[in-house]
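We did not get these values from a lab; they are worked out from the coordinates using the rules stated. It should be emphasised that the depicted structure is a prediction, and the values quoted were computed from it without experimental measurement. Backbone-built Cβ (ideal geometry, glycine too); neighbour counts: all protein chains shown.
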Amino acid sequence: MSENRLEVGDTAPDFTASTDTGTFALADQRGKHVILYFYPAAMTPGCTTQACDFRDSLDALQAAGYVVVGVSKDNPEKLAKFREKEGLTFTLVSDEDKSIQEAYAAWGEKQNYGKTVVGSIRSTVVVDPDGKIELAQYNVKATGHVARLRKALDV
């Protein structure tokens, strides 16, 4: 478990991972702004709300030069079902071993209904075109998050 949260200016940990449609390598995105958003589980209410908000804001984010990538511990088959059910048009990364979430401090202890549990911490990290952290937000709320993120990014 990683407690070392990333901060603005840190180097973003590179990774290559499976998606529901192939593979995704962060290093291939140099020259672009990449929004990595970490969510606990596909097809749960909060995660669906957040994914649909990203879907609905995708045109504006892409027009401003951002690539959106969702990361969860779900396997590629579940991600494919999530994409199809919700009409998602951005990359969904499978992090079954939680190594990406750990590298980004998006896996660890959190409060869930008053209990301390270990799991995915809903987080969003924006990587700049040079591979550095541009923005890092942890323990974000699913509802309204994309609107707040767009405001922070001035999109």
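Structural remarks
- Extreme residue, positive dipole direction of the chain, given options W107, A142, V67 (C-beta unit charges): A142
- Two-site FRET efficiency, N75 against K110, from Cβ-Cβ distance with R₀ of 25 Å, rounded to 0.05: 0.70
- GNM top mover of Y104, Y39, Y113 - the chain, alpha-carbon springs below 10 Å: Y113
- Entry for the chain at q = 0.20 Å⁻¹: log10 I(q)/I(0) = -1.41, Debye formula applied to identical alpha-carbon scatterers, no solvent contribution.
- A Förster radius of 22 Å combined with the Cβ-Cβ distance from D10 to E96 puts the calculated FRET efficiency at roughly 0.30.
- Distance violations [Cα-Cα > 20 Å] among K110/K141; K32/K132; K78/K141; K78/K98; K115/K141: K78/K141
- Choice from K115, K132, K141 showing the highest fluctuation, given a GNM over the chain with Cα pairs closer than 10 Å: K115
- Computed over the stretch 32-153: relative contact order in percent, which uses C-alpha pairs under 8 Å that are six or more apart: 31 percent
- Max mean-square fluctuation residue, GNM over the chain, Cα-Cα springs under 10 Å, options S120, S94, S18: S18
- Options A41, T91, V8, ranked by Cα towards positive dipole end of the chain, top entry (Cβ charges): A41
- Taking the Cα centre of the chain as reference, the dipole from Cβ charges on Lys and Arg (+1) and Asp and Glu (-1) amounts to some 500 debye.
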